[in-house]
Structure formats: C-alpha cells, structure tokens
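Q: To start, I am sharing the structure in question, which I have written as structure tokens.
What follows is calculated from the coordinates using simple rules that are stated; it is not laboratory data. Source: prediction; values computed, not measured. In this analysis, Cβ positions are derived from the backbone assuming ideal geometry, glycine residues included, and neighbour counts consider all displayed protein chains.
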Amino acid sequence: MKRLMILLSLLLLTAASAMETASAEGWYPQITEEMPVIRIDTADGSSGFITDYVREDKLLGHIDYTDAVVSVGGCGEAYVLAQAKAQVKARGNWTLNYPKKSIRIKFAGKQGMLGLNEGRAYKNWVLLADWKDLSMINQPVGLYLAHAILGADGYYCTDYRSVEVYVNGEYWGVYLLAEQQEVNPGRVEVTEPGKDYIGKDIGYFFEYDAYWQDENRMPGDSGDPTFDVYHAGVTGEQQGYTIKSDINADRQRSFLGAYVRRVYQIAWSAVHEGKHYAFNEARTALRLTEGTSVQETVAAVIDLRSLVDTYILNEIVCNPDIGWSSFYLSVDLGEGGSGLLTFEAPWDFDSAFGIRAGYESNTGLYAADSGNPWLRLFAGEAWFQEMIRARWAELRQADVPDTALALILSHKETYAAHYARNYERWPERIAEGNGELIDELNACRTQGEAADYLYRWLEGRFQYLDGQWQ
C-alpha cells in the first residue's frame, strides 16, 4: 500500500506540473488539476449532429459531417487553439444509440491537440463519450495499460486526455480526447499505396469486426472494404474483417483476405496438426516445410511480441469486445516492412474490467477462452506461456500494475468535481442505469462508487494473474 501511495503521489505531481506524457521511467498520461475545455461551434448553430442520429442512420448512410470551428482552452498556453475550421459528426456503432454520443473531428488542416502523441498534427481526432462506464476511467486505465505493455515495445497505442466539451455554448460533459485509429506517421505506420497504385505489396490496417456485414450493406459503397476468414476452432459466430487503411483496387482487398486466411492456416496446422507450412515468395500459396517447432513456424508469419503483449493486456482487462470488434491488426508487405501479422492499436475498453453482466469475474483465464481466434489459438502452448511469464515479470518490475491502480485513484480524486458536473448534465445515466451492466454498478449513484469497484476488481485481477504467471 505504501508503494501504491508513492506512485499516486508521483501521478498527482505529474498532474500539478503538467509534464510531458513520456518520461525516461515510462509512459504516463497527462492529468492536470483542471480539465482542458474543447468548444465545438457549428456553422448553423445547430447541435443536431450530436442529438439526432442513432445506429440505424449510420447503416443508411445518413450521418454526414457538419461544418464547425473547434477551440481548445483551459490548458497550457502552448496548447490553446482558437476557432480552427473543422467538420464534426457523431461516431461509433452501438454507442450511437446512447443519449451522450461520441464525436469525430476532422480539421481542415493538420492540427495538434493538447500535446498528444508528442505534439504531432493530424486532421482526425475523436471524443469518446463513455456513456456506458459510470466510472469514466475504464478507457484511461485500459489505454494506460496498452501504452505500458504494447507501447513500451514500439507498437502504436492512442494517446489520450480527459476534457470537458461544450457544443454551441452548452456544456456537454466529460469526454476522452483520443486519436483516430488510422494509418499515418506516428500512428499506425505501414506502407501506404500511391495514388492509383494497385500492387499488393503495401501495408494494411484492419479490424476483427462483427459489424463487417453491415459495412457491406451500406449504400453507395460507403462502408469499409471487408473480407471473411473461417477460423478453425472457434465455436459460435464467425466474424469478418473491415479494412481501415486505404486500398485502390478490389485485388488488394482479396489478396489481404487470402493472406490472413493462410496465416491462420499456418498457425492452426502447426498447433493442432503438427504440420508446418510456409508462404511461397509471393505469399499467394503455402508449401510444406521441415519446421523444427511450432514457435519457429508461427514466428515466420506473426509478430509474436505483439501477440504476447496483446494477450496479456486482454487477460488483464477481460474485454468482452475482443471476440466481437475493435480488435486491430496490421501487416506491412511494402519495401522495408516486416511482412508479419502484427497486433496493435488496442481500443474500446468501455465494456471491460468486469462491468458487463456475465463477464464480472476477475478470476479465471479470459482471453484464452474468448471468441477471439488469435488469442485463444496459442494459449495452451508451453512456449507461449513461457513468453507470457517472462513479459509479466518485466511489467511487474516496471510497476505497471501498481501504476494502473494509482491512476484510478488519481482520476477519481483529481477530477471529482468534473465527473460530478458530467452527471448533473446526464442524470439519466445514474437514475436509469444501463441494462448491459451488472447490478452492483447500476446501484452506484456516483462516479466515485464506480471507480471504487474498478479499483477492487483490477486489484483482484492482478493478484489472480500473479498466481498464474509468477
């Protein structure tokens, strides 16, 4: 407990001095005594872009951008932004049905936001509403763990910061400013195709996505390109993939689908059949090899460090969405690319940490038994478990679990007044609860009570995983 309080003090000290998000000792989010303020003022003065739409409108292609200006204040002078031209719209899938909706911002020109991602400038940013999670800390803690685990190994994770949002002068509540999941220097970095280039030797960024068929049905080819993969060993519904990076031809989509199918076949055959396959030079067919081990065969097609990191992250947070959507992968087949299937850009923790009904236990292995084909495939392999134990020892040595717990306390204490204002704005979230969540959380009447649940749940989860991996 003493060590935890020291870490909390360090986080609060970071808040007081508004240090950079990265330090020699590890990655830390920015937490300041007052939340920065983002103001969105639409050209027509209407707030309909954030009130008038539900998920069905997205499927019908009805959600369009609205012209606006975006301002940022309540922060250090270097981060102040005055009426930058932008377009805004409601974003998300299922979350579009909630009263408080997330927002997509597309600036007219590249723009840095509150020093995130080392101050890099981008056109696209998002504001996450976190309606479901009463604590409003699931996303910050999940993304901190993502940075501390995957980010420390060089894989992309969004930077983020808690902010207050006003729409046309009306207070709209606490949001989490985050980066758009996209291919861009400093974000997901893979080889982008040149204009009209239709070769297959490019980089791809894609999502394991239960909504893939909805994307196919969107009007006017407005949905993302998709492909499907049959994952042997996965019981229940098979999900497809949506491509999030730019492609210029259907042959690129088809090639990526075939590539992912073959990678899964290589891995499945090695683990379950003792057969070792490898790609031909063009990665268009497989050939039997004299593989010496499952690990060696799999390492030729999958970035194992990224897989181990992603597995550990999801065993910690127990995110129901990993078998559904918001699970991202990339592969760079361009010149200089690794050619390995890579797991990065972790996202969407608002259902994690035991808040969903039916997923509340903080004991037992979760990712190993989930509907995610990639995380469950290697869970029983001795060499994979050895890699997990070694990585867990590194994370324990770096105080990652204790820092995550301290971060919960830091958010709860530093932002108490801000969270209270959010629920004065949205009292129905407390009064009406959320039918997806466990009774204990629906009985909470303050953000602080929900934060206490998160703390207890995560502390117990770390203790359980220590018993498994130490």
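Q: Give the Cα extents of segment 302-368 along the principal axes, in whole Å, largest first.
A: If we take the Cα atoms of segment 302-368, the spans are 46, 19, 13 Å.
Q: For the chain, take the convex hull of the Cα atoms, compute a quarter of its surface area, and give me that in nm², please.
A: Average of the hull's projected areas for the chain equals 21.7 nm².
Q: Summing +1 for each Lys or Arg and -1 for each Asp or Glu, what net charge is found among the other residues whose Cβ lies under 15 Å from the Cβ of residue 303?
A: Taking every other residue near residue 303 into account, the sum is -4.
Q: I've got another one for you. For segment 203-397, calculate the relative contact order in percent as a whole number, restricting contacts to Cα pairs under 8 Å that are 6 or more residues apart.
A: Computed over segment 203-397, the figure is 21 percent.
Q: Under the 0.36 nm per residue contour assumption, what length would be gained going from the current alpha-carbon distance of residue 369 and residue 121 to full extension?
A: Going from the current span to full extension adds 85.3 nm.
Q: Nearest 10 degrees is fine. How inclined is helix 304-317 to the longest principal axis of the chain, computing both from alpha carbons?
A: Between helix and principal axis, roughly 40 degrees.
Q: As a footprinting exposure proxy, order 77, 344, 182 by other Cβ within 10 Å, with the fewest listed first.
A: 77, 182, 344
Q: Shifting gears a bit: What is the angle, in °, between the Cα long axis of helix 447-469 and the longest principal axis of the Cα atoms in the chain? Nearest 10 is fine, range 0 to 90.
A: Rounded to the nearest ten degrees, it is 30.
Q: Of 218, 387, how do they rank once you tally other Cβ atoms within 10 Å and put the fewest first?
A: The order, fewest Cβ neighbours first, is 218, 387.
Q: Right, something else. If you project the alpha carbons of segment 369-470 onto the principal axes, what extent comes out on each, in Å, largest first?
A: Largest first, segment 369-470 extends 51, 30, 19 Å along its Cα principal axes.
Q: Under the rule of -39500 (n - 2.57) per DSSP H run of 4 or more residues, summed and divided by the residues of the chain, what mean residue ellipticity at 222 nm is obtained, to the nearest 500 deg cm²/dmol?
A: Mean residue ellipticity at 222 nm (helix-derived): -10000 deg cm²/dmol.
Q: Between 0 and 90 degrees, rounded to the nearest ten: what's the tilt of helix 382-397 against the longest Cα principal axis of the chain?
A: 30
Q: Okay, moving on. Once phi is turned into θ = phi - 60°, what whole-Hz ³J(HN,Hα) does the Karplus curve with 6.51, -1.76 and 1.60 give for every residue of segment 344-361, x standing for Gly and Pro?
A: Result, ordered by residue: 7, 6, x, 7, 6, 10, 6, 9, 7, 6, x, 8, 7, 4, x, 10, 7, 5 Hz.
Q: Hey, got the dipole for segment 203-397? About the Cα centre, +1 on K and R Cβ, -1 on D and E Cβ, debye to the nearest 20?
A: Roughly 460 debye for segment 203-397.
Q: What would the Debye formula give as log10 I(q)/I(0) at q = 0.09, 0.11, 0.16 Å⁻¹ for the alpha-carbon point model of segment 203-397, no solvent?
A: -0.34, -0.51, -1.10
Q: I've got another one for you. In whole Hz, with x marking every Gly and Pro, tabulate ³J(HN,Hα) for segment 274-283 from phi via Karplus 6.51 cos²θ - 1.76 cosθ + 1.60, θ = phi - 60°.
A: x, 9, 10, 10, 9, 6, 6, 4, 8, 6
Q: Using the charge dipole of the chain (Lys, Arg: +1 at Cβ; Asp, Glu: -1 at Cβ; taken about the Cα centre), state which of 387, 307, 460 has its Cα farthest towards the positive end.
A: With unit charges placed on the Cβ atoms, the residue in question is 307.
Q: Here is a further query. What trypsin sites (Lys or Arg not before Pro) does segment 407-470 have in DSSP loop regions with at most 13 other beta carbons within 10 Å?
A: 445
Q: Can you check what the net charge comes to around residue 281, using other residues whose Cβ is under 12 Å from the Cβ of residue 281 (Lys, Arg +1; Asp, Glu -1)?
A: Spelling it out: positives minus negatives among the neighbours equals +1.
Q: Return the long-range amide H neighbours of residue 244 (sequence gap of 5 or more, or a different chain), with a cut-off of under 5 Å between placed amide H atoms.
A: Under 5 Å from the amide H of residue 244: 205, 206, 207.
Q: Please tell me the relative contact order of the chain in percent, rounded to the nearest whole number, where contacts are Cα pairs under 8 Å and at least six residues apart.
A: Normalised by residue count, the contact order of the chain is 16 percent.
Q: Another one. Could you list, in their original order, any pairs among 101/195; 58/110; 200/275; 58/101; 110/412 whose Cα atoms are separated by more than 23 Å?
A: Result: 101/195; 58/110; 200/275; 110/412 exceed 23 Å.
Q: Using the Karplus curve 6.51 cos²θ - 1.76 cosθ + 1.60 with θ = phi - 60°, work out ³J(HN,Hα) for each residue of segment 207-214 in order, rounded to whole Hz, and write x for Gly and Pro.
A: Couplings: 10, 6, 8, 5, 8, 4, 6, 4 Hz.
Q: Which Cα, out of 398, 444, 433, lies furthest along the positive dipole direction of segment 388-458 (beta carbon charges, K/R +1, D/E -1)?
A: 398
Q: Something else about it: Using the alpha-carbon centroid of each, what span in Å lies between segment 412-460 and segment 328-394?
A: Each part's Cα centre sits 27 Å from the other's.
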